[in-house]
1. Where the second residue is surrounded by 15 or more Cβ atoms within 10 Å (Cβ to Cβ) and not in a strand (DSSP E or B) and the first is at pLDDT below 95 and lies in the stretch 32-49, which pairs have Cβ atoms under 9 Å and are six or more apart or on separate chains?
2. Going through the stretch 4-31 one residue at a time, which ones are at pLDDT 50 or above and open to solvent by 70 Å² or more (accessible area, probe 1.4 Å)?
3. Out of the residues in the stretch 85-133 that are hydroxyl-bearing (Ser, Thr, Tyr) and not in a loop (DSSP other than H, G, I, E, B), which is nearest to Arg61 (Cα to Cα)?
4. Can you tell me how many residues in the stretch 109-129 are surrounded by fewer than 22 Cβ atoms within 10 Å (Cβ to Cβ) and of a type outside the set (Lys, Arg)?
5. What number of residues within the stretch 50-85 are without any contact (Cβ under 8 Å) to a residue 60 or more places away in the chain and closer than 20 Å to Val104 by Cα?
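The values are calculated or read from the model by the stated rules, or taken from the named source; none is laboratory data. All figures in this text were calculated on a predicted structure; none of them were measured in a lab. So basically every Cβ, Gly included, is an ideal-geometry build from the backbone, and we count neighbours across all protein chains shown. These area figures cover heavy atoms from the full protein model, side chains too; ligands, DNA and RNA do not enter into them. Shrake-Rupley method; radii C 1.70, N 1.55, O 1.52, S 1.80 Å.
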Amino acid sequence: MPKFLLLLALAALLLGAAMPVSMEEELLQHCNEVRQAQGLLPLEFNWELARVARHKTEDMRLHAYFGPNSPMFGSVFDMLKNFNILFQAADLNVAKGGNTPQAVLEDWLATPSQRQRLLDPAFTQAGVGYTQEGDLWAIILIAEEGAH
């Protein structure tokens, strides 16, 4: 294989690995950029948390509410327990509108309580959910059970 094709293939592979493939992944990537700029470790993607976060956004859409507590499923803690996810600590940020992951993150960073949750060094894992209809977003953050 000619050298330039090998370099082109390598560059495409490296760039492709760094590119988010969904709005959810892009939001988590932006959150991690902010955390790392503050000297914090990035949040590890957790597919089980992402599944719960997607359920959360879909629940908000279906039941026409916006907020942390579901009339159907209760708090984020209740949802995590119902999905058999173990955690030492957990929290949730939700957003409505924003249209882009960057805009959602900017809104969260402008709200002191949401900013505090995103930058809490105790949280090590996260999952993001997005429901296009209604433009609803959720990020669930956890500290793993047994973590210090």
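1. Pairs that qualify, where the first residue is at pLDDT below 95 and the partner is surrounded by 15 or more Cβ atoms within 10 Å (Cβ to Cβ) and not in a strand (DSSP E or B): there are none.
2. Residues of the stretch 4-31 at pLDDT 50 or above: 21-31.
The answer is Val21, Glu25.
3. So in the stretch 85-133, the residues hydroxyl-bearing (Ser, Thr, Tyr) come out as 100, 111, 113, 124, 130-131.
Adding the requirement that they be not in a loop (DSSP other than H, G, I, E, B) leaves 113, 130-131.
Working: Ser113: 23, Tyr130: 11, Thr131: 8 Å.
The residue in question is Thr131.
4. Here the count works out to 13.
5. 6
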